[in-house]
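First the structure, in the form of structure tokens, and then the observations on it.
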Amino acid sequence: MNDELIAILNSWFVLNQRDLPWRKTTDPYAIWISEVILQQTRVDQGIAYYQRFLEQWPDIASLAAAREQEVLKMWQGLGYYSRARNLLTAAKQIMSLHKGVFPEDPGKLRQLKGIGPYTAAAIASIAFGHHVAVVDGNVKRFLSRFYGLDLALDRGEGKRQLEKYAQSIVENGHPGLLNQVMMEFGALQCVPRNPLCNKCPLAEQCVALRQNLVQQLPVSIRKKASRNRYFNYLVMAQPHDDGLVFVVRKRIGNDIWKGMFEFPLIETANETDFGQLSQTVEFDKITAGQHFLLSGQPFRIRHILTHQNIFACFYLLIFDHLGFVEEKNNVFLMNQNRPDDYPLPRLIMKYLLSLENQN
Ligand code: SF4
């Protein structure tokens, strides 16, 4: 069964695979970067990030020497900024623990910061030819349908079965190639909604198709509930030349966007308004009792992250002079025309864009 399956998949791949830059290399560094980027974004958008990243840091040594702020800036727009920080930490670990040489063994790869079973398997199989299966979302969907596996796939028996199926396939050929073939098949042919069963070369053998289970598989796993958060930004600004200068602060602590920059923030338990906000101790602390003008209407926007809904509200406060703000302890002044000086979450970029559109 496997020989026939592999032969069909390989022929399909030759005819249908996309021309992707990371398919042309076996450099573990490049494969690692591509895998982490692809965990964050679609392939078409990921290509540009991948190329920019490798242009700036072509190897482990150059990445290990980068500043965190530069890496976050490069990552801007991809989200999950801990992944970018982990890339930097892992590059440093490879320099110090492995003399700058990527470890081959999946177990050793998994000891590096941010490299989990999936990424370790991708690097070990594609760069070093280790016979380990990469079980990503595409592979899960394809194999669960092909074998008619109607169990939850993230734990217990379903997970074990699925890994067994994937492993038995990569044992029988070039593991790096077969992993990519299965991922590509799931991404292009056996897609989540409306898979292309009527032109599928595996239609005859596919259990889900024979048993009319395609729409039910893979068994959906209940998603973690999203949490609502209320972010009130005090956009403290001072007119300057042809624009504004803003106060920005670096986010610290173990939360979203660590190391990125944003405007002074007051987080509240519920939605609030300016009247209530301006009565708080935090508000007084941030504005230092200085005179300001509240400009225009607040800008409200809902920003959705994987497990969080951010209800953000931006209040533009115009000060005559921001001289009372000390540029220290992660507080800086950012010119409106130079947002590229700092890594900014997408939410902050959305606000800056709305401000630009108003003018
Ligand atoms: S027949 Fe349909 S469900 Fe089965 S592997 Fe092909 S595309 Fe996927």
So which strands (runs of 3 or more DSSP E) are wholly in the range 193-272 and hold at least 1 residues that are over 30 Å from Tyr351 (Cα atoms) and of a type outside the set (Gly, Ala, Ser)?
none
Please tell me if Arg67 is within 11 Å of the chain's Cα centre (by Cα), free of Cβ contacts under 8 Å to residues at least 12 places away in the same chain and surrounded by fewer than 17 Cβ atoms within 10 Å (Cβ to Cβ).
no
Every pair of residues 6+ apart whose Cβ atoms lie under 9 Å, when the first sits in the range 117-142 and is within 16 Å of the ligand (Cβ to nearest atom) while the second is of a type in the set (Val, Ile, Thr):
Asn138/Val191; Arg141/Val191
Tally the residues that are more than 10 Å from Met236 (Cβ to Cβ), open to solvent by less than 50 Å² (accessible area, probe 1.4 Å) and assigned to a strand (DSSP E or B), restricting the search to the range 308-337.
9
Among helices (runs of 4 or more DSSP H) entirely within the range 1-100, at least 2 residues that are of a type in the set (D, E, K, R) occur in 2-16, 43-56, 68-75, 81-97
Assuming Lys108 fulfils every condition listed in (1) within 26 Å of Ala84 (Cβ to Cβ); (2) within 12 Å of the ligand (Cβ to nearest atom); (3) more than 23 Å from the chain's Cα centre (by Cα) apart from one, which condition is it?
(2)
Quick one: in the range 143-160, of everything that is free of Cβ contacts under 8 Å to residues at least 24 places away in the same chain and part of a helix (DSSP H, G or I), which residue is most open to solvent (accessible area, probe 1.4 Å)?
Arg160
Leading residue by the ranking (modelled with the lowest pLDDT) among those in the range 201-223 that are crowded, with 19+ Cβ neighbours inside 10 Å and within 10 Å of the ligand (Cβ to nearest atom)
Leu217
Is there a residue in the range 167-178 that is within 24 Å of the chain's Cα centre (by Cα), in the same structural domain as Ile31 (by TED's automatic domain parsing) and under 21 Å from Asn16 (Cα atoms)?
yes
Qualifying positions in the range 17-57 - in contact with a helix residue (DSSP H, G or I) (Cβ under 6 Å, 6 or more places away or on another chain) and open to solvent by 70 Å² or more (accessible area, probe 1.4 Å):
Gln17, Thr26
Go through the range 70-105 and count every residue that is of a type in the set (Lys, Arg) and more than 19 Å from the chain's Cα centre (by Cα).
2
For the range 36-60: of the residues being modelled with pLDDT of 95 or more and of a type in the set (D, E, K, R), which is nearest to Pro103 (Cα to Cα)?
Asp59
Scan the range 174-192 and give yes if some residue there is away from the ligand (no atom under 14 Å from the Cβ), assigned to a loop (DSSP other than H, G, I, E, B), open to solvent by 80 Å² or more (accessible area, probe 1.4 Å) and not polar (S, T, N, Q), otherwise no.
yes
Residues Gln297, Gln279, Gln290: which one is part of a strand (DSSP E or B) and more than 21 Å from Gly77 (Cα to Cα)?
Gln297
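The values are calculated or read from the model by the stated rules, or taken from the named source; none is laboratory data. For clarity, every value in this text was computed on a predicted model and none was experimentally measured. Cβ sites come from the backbone with ideal geometry, for glycine too, and all protein chains shown count toward neighbours. To get the accessible areas, we keep the full protein, side chains included, count just its heavy atoms, and leave off ligands, DNA and RNA. Shrake-Rupley method; radii C 1.70, N 1.55, O 1.52, S 1.80 Å.
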